[in-house]
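The values are calculated or read from the model by the stated rules, or taken from the named source; none is laboratory data. None of these values were measured; they are calculated from a predicted model. We place every Cβ from the backbone using ideal geometry, glycine too, and count neighbours over all the protein chains shown.
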Amino acid sequence: SAKRVGRNNFTIYSPGLDEHANEFLRLEIRLKQALQSNGLMLFYQPIMDVQSGHLAGVEALVRLRDENGQLRSPNDFIPIAESAGLINQLGEWVAAEACRQHERWREAGLPPLSISINISSSQFRQRTFASHLAEAIDRYGIDPACLQVEITESAVMDNLPAAIAALNEIRSTGIRIALDDFGTGYSSLNYLSSLPLDKLKIDQSFIKKIVSHRPSRSITDAILALGRSLNLKVVGEGIESEQAMDYLREHGCDQAQGYLFSHPLPPKDFEAWYWNRARQLH
Ligand code: C2E
Ligand code: MG
Ligand code: MG
Ligand code: MG
């Protein structure tokens, strides 16, 4: 341990570790500020209906503006939000902001879009989570069927009985539920049938290799078959090529999301993307 190293214990504080700790602390401080002062943003990525080619909805993805004005990915700061006890506050902001955006878009003349929000495992273990969601929906007059929550397979598997209870509570309000990053979390098929779900999102790692790697195609096929037999919609994530899209279309995937259609966009840019597409379709 560090203590037994005695006088030499400075040797364990390599610059790498130090930098890592500093970065962590900096982001924690920044995150606290951001929660007080509008430093968080939601970006939106289109989700397409595979067969019709129409827009099926959007996924809201949170961004943090750091002190240099740079936008940070949630992979950098969600773990910090969790360990610093800020995740519930962040989650409430995300839910409320997504609902606010839904209202703004309706005011701007867009049809009522389906919005997905991501929730992390600790958030979803919070007893008040479902009621906060219901509150946000009420406040902005949103049809609950327009809201989806995405929860990762591994978060569900952490504590299955608690997950089932929480998901049932969320779903009873009319909100839909998607299992995110599916295929990486080792859930048994037996458990899967006991979860109140609407959607499976095939993990990007399989889609990325769909053209080059036969086992990834096999897993994708198996997930598509599973979705059909459990009556769940299946979404392919991380679609970057026409070939990947062709594969999913030919194999009966319901929805697709990826850079091929659009990167996640700030609300105004999404709106422009939407109208631009609408014009092209007419
Ligand atoms: P996710 O929910 O699986 O979201 C998909 C991620 O893949 C997003 O990264 C998105 O930008 C990225 N992506 C989409 N299409 C493509 C593609 O074609 N190629 C590639 N390479 N990537 C693509 P992002 O925005 O950095 O989010 C990372 C993760 O952070 C999300 O994974 C989600 O688990 C989590 N997250 C995002 N927003 C929130 C939030 O509001 N709350 C919580 N708790 N977690 C969030
Ligand atoms: Mg997601
Ligand atoms: Mg995912
Ligand atoms: Mg993910």
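Data for the structure
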item	result
Only listed residue being buried (at least 20 other Cβ atoms within 10 Å of the Cβ), within 16 Å of ligand 3 (Cβ to nearest atom) and of a type in the set (S, T, N, Q), chosen from SER116, SER154	SER116
Any hit, region 58-81, residues being assigned to a strand (DSSP E or B) and under 21 Å from SER172 (Cβ atoms)	no
The listed residue being more than 16 Å from ligand 3 (Cβ to nearest atom) and more than 14 Å from VAL58 (Cα to Cα), out of LEU110, LEU86	LEU86
Within region 48-62, tally of residues that are surrounded by 18 or more Cβ atoms within 10 Å (Cβ to Cβ) and either within 16 Å of ligand 3 (Cβ to nearest atom) or over 22 Å from GLU150 (Cβ atoms) (or both)	8
Meets criteria (touching a helix residue (DSSP H, G or I) at 6+ places or on another chain (Cβ under 8 Å), within 16 Å of ligand 3 (Cβ to nearest atom) and touching a residue at least 12 places away in the same chain (Cβ under 8 Å)) for PHE124	yes
Residue match in region 123-136 (condition: closer than 19 Å to HIS263 by Cβ and not β-branched (Val, Ile, Thr))	no
Checking SER73 against (1) modelled with pLDDT of 90 or more; (2) away from ligand 4 (no atom under 16 Å from the Cβ); (3) hydroxyl-bearing (Ser, Thr, Tyr), the condition it does not meet	(2)
Residue list for region 127-162, filter: among the small types (Gly, Ala, Ser) and within 15 Å of ligand 1 (Cβ to nearest atom)	ALA136, SER154, ALA155
Test: residue in region 35-47 that is closer than 26 Å to GLN280 by Cα, touching a Cys at 6+ places or on another chain (Cβ under 9 Å), buried (at least 19 other Cβ atoms within 10 Å of the Cβ) and not β-branched (Val, Ile, Thr)	no
Residue tally, condition in contact (Cβ under 8 Å) with a residue 12 or more places away in the chain and more than 16 Å from ligand 4 (Cβ to nearest atom), over region 213-233	11
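Rundown of residues vs (1) crowded, with 21+ Cβ neighbours inside 10 Å; (2) over 17 Å from the mean Cα position of the chain (by Cα); (3) closer than 18 Å to ILE239 by Cα; (4) away from ligand 4 (no atom under 16 Å from the Cβ), yes/no style:
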residue: LEU160; (1), (2), (3), (4): no, yes, no, yes
residue: ILE175; (1), (2), (3), (4): yes, no, no, yes
residue: PHE182; (1), (2), (3), (4): yes, no, yes, no
residue: SER188; (1), (2), (3), (4): no, yes, no, yes
residue: SER193; (1), (2), (3), (4): no, yes, no, yes
residue: VAL211; (1), (2), (3), (4): no, yes, yes, yes
